[in-house]
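Peer 1: Mind looking over this structure? Questions follow.
The values are calculated or read from the model by the stated rules, or taken from the named source; none is laboratory data. Note that the structure is a prediction, hence the values are computed from the model and not measured. All Cβ positions, glycine included, derive from the backbone under ideal geometry; neighbour counts span all protein chains shown. Areas reflect the complete protein model, heavy atoms only, side chains present, ligands, DNA and RNA absent. Shrake-Rupley method; radii C 1.70, N 1.55, O 1.52, S 1.80 Å.
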Amino acid sequence: MVLLGCAGAPPPPAEQPEPAPQEEPAPPVEPAPAAALGDEAPGADPAAATPAAPRRDDSVPDDYALMHGDCVELGKQLTVLTRTEQVAALSAKLTPEQRGETEKKIDVVAAKLGEQYSQMCEQNVGKHVDPRSLKCAFDARTVKAFEDCLNASPPAR
């Protein structure tokens with residue numbers, strides 16, 4: 001059975017030689033050792049990383065449909081923002097025990113708000129949403145900024 005495992009490994013290299021039988025196997029072997037050395041990799045890595053970043057930016061469609069994962073992540077973001085704001089507003093005069101208990105209560109409330117938001121958001125899954133609004137909400141530093149991002153009317157084009 002170990003031989004079957006080894007037999008499974010050769011087919012992937014067979015797929016790589018189809019595009020370039022002799023050239024492709026050598027370059028993947030060279031960059032891996034170069035990355036380990038660190039001297040040759042920096043020249044190759046920035047060139048590869050530069051084209052990758054614009055592709056990600058270009059891949060964002062103008063008409064984006066809200067997905068389940070977006071709602072989950074938005075709920076998490078709201079939870080974090082709510083907790084951060086509420087903890088920051090706590091009095092400095094609280095004892096460590098009082099502060100700890102209050103933070104636990106804040107965690108419960110913030111988590112509940114985040115879950116409620118995610119559930120409400122689920123009603124809009126599949127509907128058009130401006131991807132810039134989502135990015136804005138994920139980058140928001142306050143609950144108000146988060147809400148403003150998602151409640152803003154779409155920009156005129």
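Peer 1: Give the residues of the stretch 48-89 that are modelled with pLDDT under 60 and assigned to a helix (DSSP H, G or I), sorted by residue number.
Peer 2: Ala48, Ala49, Thr50, Pro51, Ala52, Ala53, Pro54, Arg55, Arg56, Asp57, Asp58
Peer 1: Hey, among the residues in the stretch 134-152 that are part of a helix (DSSP H, G or I) and more than 13 Å from Gly75 (Cα to Cα), which one's modelled with the lowest pLDDT?
Peer 2: Per the stated criteria, the residue is Asn151.
Peer 1: Out of (1) touching a residue at least 40 places away in the same chain (Cβ under 8 Å); (2) open to solvent by 60 Å² or more (accessible area, probe 1.4 Å), the odd one out for Lys105 is which?
Peer 2: Lys105 satisfies all of (1) touching a residue at least 40 places away in the same chain (Cβ under 8 Å); (2) open to solvent by 60 Å² or more (accessible area, probe 1.4 Å) except (1).
Peer 1: Report, by residue number, each residue of the stretch 90-114 that is within 30 Å of Cys136 (Cβ to Cβ) and at pLDDT 95 or above.
Peer 2: Glu103, Lys105, Ile106, Asp107, Val108, Val109, Ala110, Ala111, Lys112, Leu113, Gly114
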